[in-house]
Amino acid sequence: MATYALYRLRPRGSFHLAERGVGIEETAEVVRSDTLFSALCSVLRLGWGEAELERFLKPFLAGQPPLRLSSCFPFAGDVLFLPRPLLPLPAEPPSDVGKRLRQTRFVSFELFRRWLAGTPLSDAVAPECFLGEVGAWSSLPELGRLPGAGRNGAPALWRRDTVPRVAIDRATAASQVYRAGRLAFGPGCGLAFLVDWRDQEWRARFEQALRLLGDTGLGGLRSTGHGQFEPQPPQAVELPDIDDAAVAVTLSLYSPTETELQRGALGPRARYELVNRGGWIASPDGSSYRRREVRMLAEGSVVETAAAPSGRLADVTPEILRAHRVYRYGFAFLVPARLPA
């Protein structure tokens, strides 16, 4: 087993997590790894200055990151949910389970570990294991540990909705009503991410920056109080470490280098979804500019380990910006997996 640090973010309110191509009336359910990394870099510069940020980025740019981040995924009570891996199930599921699986976006931590280890999941196919309202799949023991388990009419673990807002024209004082999406969590629920520490030197500074980020907010609509959270002390968790694994599942966005592509990272056994990452630059030197788009593999994607996939910081600096370079985090957070025989 490989050991990682799990950081839970207990929300102080709602989040607005925008995605490229999704309007402000919508919100996502995860914080992508590149968004989390950029937010941490922003508060690192705010709290400790440009020199400290440059020192932090230097090993990443050299391809030797001191840490690897996963994306932020929902948790409920002590149960963490991870992205559904794009792997075949270890055993053929019953025919009536197929529709539920197609609607599943998240799997519980225990099911994820067993899936990647190649252990059959036939004891977790009862209808009550599939939480259709949030698109999640849980084992029966974990189901019993969810907040509100066993109570009729228990609140949703998390939900997406919209709230009305008003924009005021500065010249005419005319008002216009619009709706903004928000992600709200039930009691005992929130977001969490994993860190694979390679260099403990940065751990104290990282956790200081995370606490500052909790006060400034993560995601959009921060000026209206969205995105604030209270980081909890890290918890050690274990995931499978399979020496002879032919493939691995990424828990972060992954931007492969040309060399990794040539070595076959996306070979015949790879299974992946692509996402375009763009948006506005969150920098005092260029907040009115859009960064260049970059295409990455989504969380849950499967890559071939023989190619030694690692990833990179993708340079997305627009030509008009001269003050500094702009990067998107694309290092893979890989967990080895067994393919069914």
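Which of these, I242, I320, I281, has the largest mean-square fluctuation under a Gaussian network model of the chain (Cα springs below 10 Å)? Most flexible of the set in this elastic network: I320.
Taken about its Cα centre, segment 240-341 carries a charge dipole of roughly 380 debye when the Cβ of each Lys and Arg holds +1 and the Cβ of each Asp and Glu holds -1. Per residue, the Cα convex hull of segment 240-341 amounts to 103 Å³. Shape of the chain from its Cα gyration tensor (a ≥ b ≥ c, root eigenvalues): rounded if a/c is under 1.5, otherwise prolate when a/b > b/c, or oblate? Since a/c reaches 1.5 but b/c is at least a/b, the shape of the chain is classed as oblate. Suppose we keep just the DSSP beta bridges with both residues in the chain; what percent of those would be antiparallel, to 5? In the chain, approximately 95 percent of DSSP beta bridges are antiparallel ones. Dipole size of segment 30-107 about its Cα centre, with +1 on Lys/Arg Cβ and -1 on Asp/Glu Cβ: approximately 220 debye, rounded to the nearest 20.
Dividing the summed helix terms, -39500 (n - 2.57) for each DSSP H run of n ≥ 4, by the number of residues in the chain produces a 222 nm estimate of -5500 deg cm²/dmol to the nearest 500.
Here, each number is a calculation from the coordinates, and none is a lab measurement. Being a predicted model, the structure only gives us computed values, none of them experimental. As a convention, Cβ positions derive from the backbone with ideal geometry for all residues, glycine included, and neighbour counts pool all protein chains shown.
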